[in-house]
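S.K.: Got a structure for you, written out below as structure tokens; questions coming shortly.
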Amino acid sequence: MTRRPTPAKLAPLGVFDSGVGGLTVLSALKSRLPHEDFIYLGDTARVPYGSKPLEMVRDFALEISSSLIALGVKGIVIACNTASAASLPALADELPVPVWGVIEPGVQAALRAAPGGRVGVLGTVGTIHTGAYQRGLSAGGCAVWTKPCPLFVPIVEEGVSDTVIAKLVAEHYLGDAPPLDAVILGCTHYPALEPILTEVLGEALLIDSAEATAERVATELTGLGLATKRGTPGTVRHLVTGDVASYRHTAKLLGGPDGSVSRTELGRAAHPTPHSAALERL
Ligand code: DGL
């Protein structure tokens, strides 16, 4: 019997980040696209991306995307600002499936929320260094203030985002912030720090690009004729390059993980490592 290829509409969407941060985007995608299947890849063995050279991050993004394509995804969401800033045009050119990043939707959300206003951008060193947010916001008529906050990612990955440690670090980075109308959380890990950032930043409206990204993916997926027509709830499969137990622990603090979790070696993403099943039982 000839095996028919899986119809593209039923294929999963791939979503990736350096670690757990992209779960904030996955959650918005699941709400907006409840019938789609997702494969979430957290590159936890190599987190953080934000302090690494951008060419290195671009190579990671390409390697992960190739692994996701080998698993049959119909599109890829780069749920990471650093990887979006470093690799989006290159990935969109090279990959045979549609690719979405988180920066442009974040810029548009800020322009809607604070037109012509004073907008702050918090992000990794890599993201701020590319100037991607600054260009979009300045072109839209906003005054821009930026702040790289490299310690925020390890704080979230360690699961201590609601502690005094996080508060002290937030005060260290943001104590000298000028008055701002809106602040973009320009790293997908940062929404986990939202209560503390609200305390420290006062009045400024916090902008998380997750919902704007999910909205754009949903609209374009439908426009491309790639949205599933199936009426049953979708599933999520999580793959991590690092330790399964610590991923589970941190993901739980962000409301997940909501599906199977296994360890993978990139390039062999279709075949979880022999230790995955044992690790998953931990
Ligand atoms: N969550 C990612 C971002 O949005 C990655 C942060 C990191 O790994 O440094 O930039």
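S.K.: Any idea which of (1) touching a Gly at 6+ places or on another chain (Cβ under 9 Å); (2) open to solvent by less than 40 Å² (accessible area, probe 1.4 Å); (3) in a helix (DSSP H, G or I) is the one residue 122 doesn't satisfy?
M.R.: Status for residue 122: all satisfied but (3).
S.K.: Turning to a different aspect of this structure: Filtering segment 10-26 down to residues that are away from the ligand (no atom under 14 Å from the Cβ) and not in a strand (DSSP E or B), which residue is nearest to the chain's Cα centre (by Cα)?
M.R.: Of everything passing the filter in segment 10-26, 12 is nearest to the chain's Cα centre (by Cα).
S.K.: Check off (1) closer than 22 Å to residue 204 by Cβ; (2) open to solvent by 50 Å² or more (accessible area, probe 1.4 Å) for residue 63 and give me the number that stays unchecked.
M.R.: Result: residue 63 fails condition (1) only.
S.K.: Now, a different point. Of a type in the set (A, V, I, L, M), part of a helix (DSSP H, G or I), open to solvent by 40 Å² or more (accessible area, probe 1.4 Å) and away from the ligand (no atom under 12 Å from the Cβ): is that true of residue 88 in this structure?
M.R.: yes
S.K.: Also: Kindly check whether there is at least one residue in segment 229-240 that is in contact with a Lys or Arg (Cβ under 8 Å, 6 or more places away or on another chain) and within 16 Å of the ligand (Cβ to nearest atom).
M.R.: yes
S.K.: Another one. Just one of 148, 115 is open to solvent by 40 Å² or more (accessible area, probe 1.4 Å), within 16 Å of the ligand (Cβ to nearest atom) and at pLDDT 95 or above; which is it? Even if it seems obvious, please write down each step before you answer.
M.R.: On the way: 115 fails: within 16 Å of the ligand (Cβ to nearest atom).
So the residue among 148, 115 that is open to solvent by 40 Å² or more (accessible area, probe 1.4 Å), within 16 Å of the ligand (Cβ to nearest atom) and at pLDDT 95 or above is 148.
S.K.: Name the residues in segment 162-172 that are at pLDDT 95 or above and either surrounded by fewer than 18 Cβ atoms within 10 Å (Cβ to Cβ) or more than 20 Å from residue 205 (Cβ to Cβ) (or both), would you?
M.R.: Result: 163, 164, 165, 166, 167, 168, 169, 171, 172.
The values are calculated or read from the model by the stated rules, or taken from the named source; none is laboratory data. Just so we're clear, the structure is a prediction, and the values are computed from it rather than from any experiment. Using ideal geometry, Cβ is built from the backbone for each residue, glycine included, and neighbour counts are taken over all protein chains shown. Only protein heavy atoms, including side chains, enter the accessible area calculation; ligands, DNA and RNA are left aside. Shrake-Rupley method; radii C 1.70, N 1.55, O 1.52, S 1.80 Å.
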